[in-house]
Amino acid sequence: MKYIFLLITLLSLSLAWADDLRIVQVKDGKTLTLQDLGKALEAYDLIFFGEFHDNSTLHQLERDILPLLDGKRELVLSFEMFERDVQSVLTDYVEGKIDEANFLENSRPWGNYDPDYKPLVEYAKEHKLKAIAANVPRIYAGKLARQGMEFLEELDAEERGWLAAKITAPDDAYKSAFYAYMGADSSPMHAMNAEMNTIEPMYQAQCLKDDTMAESIVFALKAKPKSRLIHFNGDFHSRAFLGTVSRVMEALPKLKIAVISPVYTPAWQTQNPNEDDNQAGTYIIFLPEPLEGGDN
């Protein structure tokens, strides 16, 4: 009876999503159902779910994919949205050692925690799953963006531990993508020096987040090598297997990694992955373009 109820629920979700998104497997352009995606993801050790933070459809998909991944292998949830220095608070809440009021007061939840991330944390709590506060505390990313790497000299041993041991800012495709996103070209021949001097520390701060999240993920997987981990982050951190993904791949080259990347397009119901989409991830979530001023 329980199985039949779950099957009916998943079928109704798939039908409801017909007007909200389309899941495409990049390797063959096949359109997948939610159940198809869950089955396909069983082949991977680590899943990066790249999201648009303000898109409610993606947040719904994040919630609904968890039961399909929580099977034979222990599932670990990892979050960009929580920072390393609140790991103990997140753990205590998931393990039932503190109440929600205490958790919210001491974990610095994002403004959209209640509608978007609370269901994920509550799933971890209900099913006794490990939850990882993966990100660097934002105060240090801010200091790096304003002061440059010199700020590291100001940190005591405890503070330094909240940051990745290895901090990088590679001159690669990720840097080019970041500069393009910020409206500048990473080549000195095409950017004003003042602009470069402003954007470079911002890029370094971005990379600090990637390095720290990657290190947190690697630590978690080494602690539980038989587990499957799903990491939730803004799409830019994982798109095209760059950013956080590239750091994990360097540390654990044999790991089977899947990347889910969303794409807004007017032709979301029919569009096949183009060249950019083929590079963006293992699975593409095509979404209708959001209405201006509306709920994404």
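Which helices (runs of 4 or more DSSP H) sit wholly inside segment 45-144 and have at least 2 residues that are of a type in the set (Gly, Ala, Ser)?
Values: elements: 56-69, 87-94, 100-106, 118-126.
Fully inside segment 45-144 and qualifying: nothing.
Contact map, segment 208-219: first residue touching a residue at least 12 places away in the same chain (Cβ under 8 Å), second residue among the small types (Gly, Ala, Ser) and surrounded by 24 or more Cβ atoms within 10 Å (Cβ to Cβ), Cβ cut-off under 8 Å, separation 6 or more or different chains; pairs are 210/243; 212/134; 213/78; 213/134; 216/78; 216/134; 217/78; 217/134. The lone criterion from (1) touching a strand residue (DSSP E or B) at 6+ places or on another chain (Cβ under 6 Å); (2) surrounded by fewer than 15 Cβ atoms within 10 Å (Cβ to Cβ); (3) of a type outside the set (A, V, I, L, M) left unmet by residue 238 is number (2). Could you list, in sequence order, all residues of segment 264-286 that are surrounded by fewer than 21 Cβ atoms within 10 Å (Cβ to Cβ) and in a strand (DSSP E or B)? Residue satisfying the conditions is 264 alone. Within segment 150-171, residues that are in a helix (DSSP H, G or I) have Cβ atoms under 7 Å from residues that are of a type in the set (A, V, I, L, M) in these pairs: 151/144, counting only partners at least 6 apart in sequence or on another chain.
Scan segment 138-149 for residues that are free of Cβ contacts under 8 Å to residues at least 40 places away in the same chain and either of a type in the set (Asp, Glu) or touching a helix residue (DSSP H, G or I) at 6+ places or on another chain (Cβ under 6 Å) (or both) and the total you get is 1.
If the requirement is being at pLDDT below 95 and among the β-branched types (Val, Ile, Thr), which of these qualifies: 199, 284? Show your work before the answer.
Values: 284 fails: at pLDDT below 95.
Going through 199, 284 in turn, the sole match is 199.
Taking residue 46 as the residue in question, decide whether it is in contact (Cβ under 8 Å) with a residue 60 or more places away in the chain and surrounded by 15 or more Cβ atoms within 10 Å (Cβ to Cβ).
Details: in contact (Cβ under 8 Å) with a residue 60 or more places away in the chain: yes; surrounded by 15 or more Cβ atoms within 10 Å (Cβ to Cβ): yes.
Criteria met by residue 46.
For the subset of segment 217-263 comprising residues that are small (Gly, Ala, Ser) and part of a strand (DSSP E or B), which member is nearest to residue 69 (Cα to Cα)? Working first, answer last.
Step one: list which residues in segment 217-263 are small (Gly, Ala, Ser), which gives 220, 223, 227, 234, 238, 240, 243, 246, 251, 258, 261.
Within this subset, residues satisfying the condition of being part of a strand (DSSP E or B) are 234, 258, 261.
On the way: 234: 20, 258: 13, 261: 18 Å.
Out of the qualifying residues, it is 258.
Against the definition (under 23 Å from residue 161 (Cα atoms) and either surrounded by 15 or more Cβ atoms within 10 Å (Cβ to Cβ) or over 17 Å from the mean Cα position of the chain (by Cα) (or both)), how does residue 109 come out, yes or no?
Numbers: under 23 Å from residue 161 (Cα atoms): yes; either surrounded by 15 or more Cβ atoms within 10 Å (Cβ to Cβ) or over 17 Å from the mean Cα position of the chain (by Cα) (or both): yes.
Answer is yes for this residue.
Rundown of residues vs (1) under 20 Å from residue 48 (Cα atoms); (2) surrounded by 12 or more Cβ atoms within 10 Å (Cβ to Cβ); (3) of a type outside the set (Lys, Arg), yes/no style:
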site: 88; (1), (2), (3): no, yes, yes
site: 91; (1), (2), (3): no, yes, yes
site: 97; (1), (2), (3): no, yes, no
site: 116; (1), (2), (3): yes, yes, yes
site: 127; (1), (2), (3): no, yes, yes
site: 143; (1), (2), (3): no, yes, no
site: 146; (1), (2), (3): no, no, no
site: 174; (1), (2), (3): yes, yes, yes
site: 179; (1), (2), (3): no, yes, yes
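The values are calculated or read from the model by the stated rules, or taken from the named source; none is laboratory data. Keep in mind that what you see is a predicted model, and the values were worked out from it rather than measured. When we count neighbours, we look across all protein chains shown, and the Cβ atoms used for this are built from the backbone with ideal geometry, even at glycine.
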